[in-house]
Amino acid sequence: MHHGVTEQQIENALRAAITPLQSLQVINESHLHAGHAGAGEGSHFRVRIVSERMVGLTRVAQHRLVYDALREVIPQGVHALAIEAQGPDPA
């Protein structure tokens, strides 16, 4: 029986894989998808990430970086992942 994934598991994996990290927000949106296919506790997440690693990358490459960081976590029960990735605002 799987119990889903926690925001902390996602945050830990991203913090370990993507450095430097200016800001990271992991939001569990599972409650918004009740009754949908794949819905369950700890299944739908939104990640907002700001890192110098995102600078110069296409949106696809940014998302790939996030998915690669979460390759061990996603199979544990992440059904949907919305990614908002960007580099830091230029000074």
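Each reported figure results from applying straightforward, stated rules to the coordinates on display, with no laboratory input. Everything numeric here is computed off the predicted structure, so don't read it as measured data. We place every Cβ from the backbone using ideal geometry, glycine too, and count neighbours over all the protein chains shown.
Residue by residue, segment 62-70 carries 3J(HN,Hα) couplings of 4, 5, 4, 4, 5, 4, 4, 5, 9 Hz when phi is fed to the Karplus relation 6.51 cos²θ - 1.76 cosθ + 1.60 (θ = phi - 60°); x denotes Gly or Pro. Annotation: amide H-H contacts under 5 Å for PHE45 (H modelled 1.01 Å from N, sequence separation of 5 or more, or interchain): GLU29, ALA80, LEU81, ALA82.
The charge dipole of segment 7-86, taken about the Cα centre with unit charges on the Cβ atoms of Lys, Arg (+1) and Asp, Glu (-1), comes to about 240 debye, rounded to the nearest 20.
Protection proxy ranking, highest mean first, for peptides 43-55, 12-24, 69-81: 43-55, 69-81, 12-24, where packing is the per-residue count of other beta-carbon atoms within 10 Å, averaged.
Round to the nearest 0.05 the FRET efficiency obtained for LEU32 and HIS63 when R0 = 22 Å and r is the Cβ-Cβ distance.
0.60
Summing charges over neighbours of GLU29, with a neighbour being any other residue whose Cβ is under 11 Å away from its Cβ, gives 0 when K and R count +1 and D and E count -1. Can you work out D for segment 7-86 in µm² s⁻¹ from Stokes-Einstein, where Rh is the Kirkwood radius over C-alpha pairs, the temperature is 4 °C and the viscosity is 1.567 mPa s? For these conditions, the coefficient is 101 µm²/s.
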